[in-house]
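Right, one structure below, let's go through it.
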Amino acid sequence: MSARDDGPAAAQVQLRYYQEEAIAAVRYEYSRGAAAALVVLATGCGKTMTALSMAAATVRRGGRVLWVAHRTELVQQPLESWRGLAQFHGAGEAGIVQGGSDAVDADVVFASTGTIARGATSEDGRLAAIFDASDKPVRMVVVDECHHYSDDGLGQFSGLIPSIATHAARRGWAAPRLLGLTATPVRADGRGLTGLWGARPSYAYGYDQAIAEGYLVPPRIISDRLELD
């Protein structure tokens, strides 16, 4: 696991009011016994910072966090924020499980879905290795772009979330709480999400509100005629 730069020039990002509200809403859902919470924030409104703040709190309370994403940039970007921002310094070590990177013992594991979904049920797979690498329990699983994970048991990622609970039980731990992140809590193919993420988001902050409050700029649409032969 590579060392993190904890130099004096590290920046600190202040959460916006709606990010604080989202965190409070998720904690409320968990306090009521919910196994999963869904946060819907418009693109550009800071889903990553919101979830990283919750991950830091989980690690500071002695737990570990598994952060799952299906694209390489969605694995690398939150790791860079964790290592580069002052508010996460001292919260714990983070690393990637993907390809040749195998930081299975990190406090926050940023894992490629494709990597850990292969052999997810096996005790010799890389998902199992994350659970077996430390005596600290995995207490929260962040699922980025969670609309890709349908509740019908179909598709290449279908067995991943049930397998997470299985590996936690194998270690004698409670099933980790799930935190789903998305800007679009629907699927174009009509497959269901409510079985995993509930009938409604724990918190939602959409484009219209973000534009009205000045956090996003209004879209500018330009139409240009194309002269085609």
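The values are calculated or read from the model by the stated rules, or taken from the named source; none is laboratory data. Note that the coordinates shown come from a computational prediction; the quantities given were computed from them, not determined experimentally. Every residue, glycine among them, receives a Cβ derived from its backbone with ideal geometry; neighbour counts consider all protein chains shown. Accessible surface is based on the protein model in full, side chains and every heavy atom, while ligands, DNA and RNA are left aside. Shrake-Rupley method; radii C 1.70, N 1.55, O 1.52, S 1.80 Å.
Numerical summary
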| item | result |
| --- | --- |
| Test: residue in the stretch 3-25 that is modelled with pLDDT under 95, surrounded by 13 or more Cβ atoms within 10 Å (Cβ to Cβ) and part of a helix (DSSP H, G or I) | no |
| When residues of the stretch 201-214 are limited to those that are in a loop (DSSP other than H, G, I, E, B) and within 22 Å of the chain's Cα centre (by Cα), the one surrounded by the fewest Cβ atoms within 10 Å (Cβ to Cβ) | GLY206 |
| Unmet criterion (only one of (1) of a type outside the set (S, T, N, Q); (2) crowded, with 23+ Cβ neighbours inside 10 Å; (3) part of a strand (DSSP E or B)) for GLY95 | (2) |
| Candidates ALA165, ALA169 - the one that is over 14 Å from the mean Cα position of the chain (by Cα), at pLDDT 95 or above and small (Gly, Ala, Ser) | ALA169 |
| In the stretch 42-57, residue nearest to TYR207 (Cα to Cα) [restricted to those that are buried (at least 16 other Cβ atoms within 10 Å of the Cβ) and over 13 Å from the mean Cα position of the chain (by Cα)] | ALA42 |
| Hits in the stretch 115-146 - residues which are within 21 Å of VAL26 (Cα to Cα), open to solvent by 30 Å² or more (accessible area, probe 1.4 Å) and outside any loop (DSSP other than H, G, I, E, B) | ARG139 |
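One line per residue, one yes/no per condition, for (1) open to solvent by 10 Å² or more (accessible area, probe 1.4 Å); (2) modelled with pLDDT of 95 or more; (3) of a type outside the set (Asp, Glu):
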site	(1), (2), (3)
HIS70	yes, no, yes
ALA86	yes, no, yes
THR113	no, no, yes
ASP152	yes, no, no
